[in-house]
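Written out below as structure tokens is the structure these notes cover.
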Amino acid sequence: MEQDSKQANNQAEAASSAEVQEPTNGGNISETTAVPPKKKSEAKEWIKAIVVALLLVIVIRWFLFEPFIVDGPSMQPNFHTGERVIVNKILYDVRDPKPGEVVVLKVPSQHRDFIKRVIAVGGDTVKVEGDTLTVNGKVMSEPYIQAAIDNAHAQGSDYNINNFPTEQLPDGKVPQGYVFVMGDNRSNSQDSRMIGYVPLGDIIGRADVIFWPLSNAEWIDQDAPTAQN
């Protein structure tokens, strides 16, 4: 009887031990793991995305590209008052402007910015007589205003009435580090014929795209004047 009693006690202890160990089964651990709030995580990701987007806008706006509003008739018939263009501000950190390119430049004496076309660069000699443009002794063809010139001639007049050099600017040779610019509307443009050669440091950038109004949206042609045969 005593032996049977001991055996019964051992079986009871074994059963008790098995019951204590049973909860350690790994099958149900995942059910008790705490899950972080999903909404809080998503909010943080949205905040990060917005901050990154704002930083990109600042970098693009101030260091790479800048919108500019055309004001005045000096670049007609190719640009008109109220049109908005995108100015590439980094191109001329890589290279100098080339003839034919449309640029936005600072004019400290006027306390404002101009949009003009580069006609000649440092070392070139320029002469403008009526509708005849001569660079380095060669008569140049200007495709970007040829239609306007032809229309003026058909009406018996010159498209341009402002010549160069002038009494105020008798030297027609562009100094190194400068450019000579003119507006496409030759008889109604304040440009290098009046304000002189433009230092490269005063050029903000090249006008690359008209983006507003949408009906006028287009990439801007940067056609260079070419020597006539």
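The values are calculated or read from the model by the stated rules, or taken from the named source; none is laboratory data. Remember, predicted model here, so these are calculated numbers, not experimental data. Every residue, glycine as well, gets a Cβ built from its backbone with ideal geometry; the counts of neighbours run over all protein chains shown. The accessibility values were calculated without ligands, DNA or RNA, using every heavy atom of the protein model including side chains. Shrake-Rupley method; radii C 1.70, N 1.55, O 1.52, S 1.80 Å.
Taking only protein heavy atoms into account and a 1.4 Å probe, give the accessible area per residue of the range 93-229 in Å². About 51 Å² of surface per residue is accessible.
Counted residue by residue at 0.36 nm each, then reduced by the alpha carbon distance between them, the extension gain from Ile90 to Leu200 reaches 38.3 nm. Sequentially through the range 214-229, phi angles give Karplus couplings (6.51, -1.76, 1.60; θ = phi - 60°) of 4, 5, 9, 4, 5, 6, 8, 5, 10, 5, 8, x, 10, 5, 6, 6 Hz, Gly and Pro residues having no value and appearing as x. Multiplying the residue separation of Val52 and Gln110 by 0.36 nm and removing their Cα-Cα distance gives an extension gain of 17.1 nm. Pairs from the table (Lys89/Lys173; Lys44/Lys89; Lys48/Lys98) lying more than 32 angstrom apart at Cα are Lys44/Lys89; Lys48/Lys98.
Within the range 94-203, the GluC sites (Glu not before Pro) that combine a DSSP coil assignment with at most 14 other C-beta atoms in a 10 angstrom radius are Glu167.
Projected label points at Gln146 and Leu169, each 7 Å from Cα along the beta carbon direction, are separated by 2.6 nanometres. Computed 3J(HN,Hα) for the range 72-81, one whole-Hz value per residue from the Karplus formula 6.51 cos²θ - 1.76 cosθ + 1.60 where θ = phi - 60°, is x, x, 5, 10, 5, x, 8, 9, 10, 3, glycine and proline marked x. Between amide H atoms placed 1.01 Å from N, distances below 5 Å from Phe65 occur with Lys89, all of them 5 or more places distant or on a separate chain.
Amide hydrogen proximity for Ala120: with H placed 1.01 Å from N in the peptide plane, the residues at 5 or more positions away or on another chain lying under 5 Å are Phe180.
When the Cα gyration tensor is reduced to axis lengths a ≥ b ≥ c, the ratio a/c is 1.5 or higher for the range 62-151, and with a/b not above b/c it is classed as oblate. Expressed as a whole percent, the accessible surface of the range 44-156 that belongs to carbon and sulfur atoms is 62, based on a 1.4 Å probe. Between Ala217 and Glu66, the contour length at 0.36 nm per residue exceeds the Cα-Cα span by 52.8 nm. Solvent-accessible surface (1.4 Å probe) assigned to Asp96 amounts to roughly 90 Å². Could you work out how far the C-alpha centroid of the range 85-133 sits from that of the range 138-196, in angstrom? For the range 85-133 versus the range 138-196, the Cα centre distance is 12 Å.
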